[in-house]
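Chemist: Once you've had a glance at the structure underneath, I'll fire off some questions.
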Amino acid sequence: QAQLEESGGDLVQPGGSLRLSCRASGFVFSFVAMSWYRQVQGKEREWVASIDRDGIAAYSDSVKGRFTISRDNEKATLYLQMNKLNPEDSAVYYCHQVGAAYWGQGTQVTVSS
């Protein structure tokens, strides 16, 4: 059974940094493209970044230049390095296997002074 487990969310001050992790299991991680999404309660889930199996990344305009998506295929783990955080980045962050129907439980990021 495929599973995704996000971690690393926390309360951080504006301008700070966090690194999120997503541990994948139950499928061949190195074969698939992966994405990060985020969701604020009451709003639609928003795409943040994606990385293909070759490590080519793409970012939404709202995070480009501040966030970096990466992957460690040996560890079957996806990462999101988030720098220069601002309150608008506060959300539950989810990793996602591109094209899959399931989601992890998410990890809460709160940016506040």
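The values are calculated or read from the model by the stated rules, or taken from the named source; none is laboratory data. Keep in mind the model is a prediction, meaning the values are calculated, not measured. We work out accessible area using only protein heavy atoms, side chains counted, and drop any ligands, DNA or RNA first. Shrake-Rupley method; radii C 1.70, N 1.55, O 1.52, S 1.80 Å.
Chemist: What lysines sit close enough to residue 84 to cross-link, taking a C-alpha to C-alpha distance under 18 Å and skipping anything fewer than 8 places away on the same chain?
Modeler: The qualifying lysines are 64.
Chemist: Over the chain, with the other protein chains present, what is the accessible area per residue in square angstrom, probe 1.4 angstrom?
Modeler: Value returned for the chain: 55 Å² of accessible area per residue.
Chemist: Grab the Cα-Cα distance for residue 73 and residue 52, subtract it from 0.36 nm times how many residues apart they are, and report the gain in nm with one decimal.
Modeler: Full extension from residue 73 to residue 52 adds 6.4 nm.
Chemist: Continuing with the same structure: Leaving ligands, DNA and RNA out of it, report the carbon-plus-sulfur percent of the accessible area of the chain at a 1.4 Å probe.
Modeler: 46
Chemist: Would you kindly find the accessible area of residue 62, with a 1.4 Å probe and non-protein molecules such as ligands, DNA and RNA excluded, rounding to the nearest 10 Å²?
Modeler: Residue 62 has an accessible surface of roughly 50 Å² with all protein chains in place.
Chemist: Would you list 77, 110, 68 from the most to the least accessible area, probe 1.4 Å? Let's see the in-between values first.
Modeler: Numbers: 77 15, 110 50, 68 70 Å².
Highest to lowest solvent-accessible surface, that is 68, 110, 77.
Chemist: State the Cα centre-to-centre distance between the stretch 1-76 and the stretch 85-113 in whole Å.
Modeler: First find each Cα centre; the distance between them is then 8 Å.
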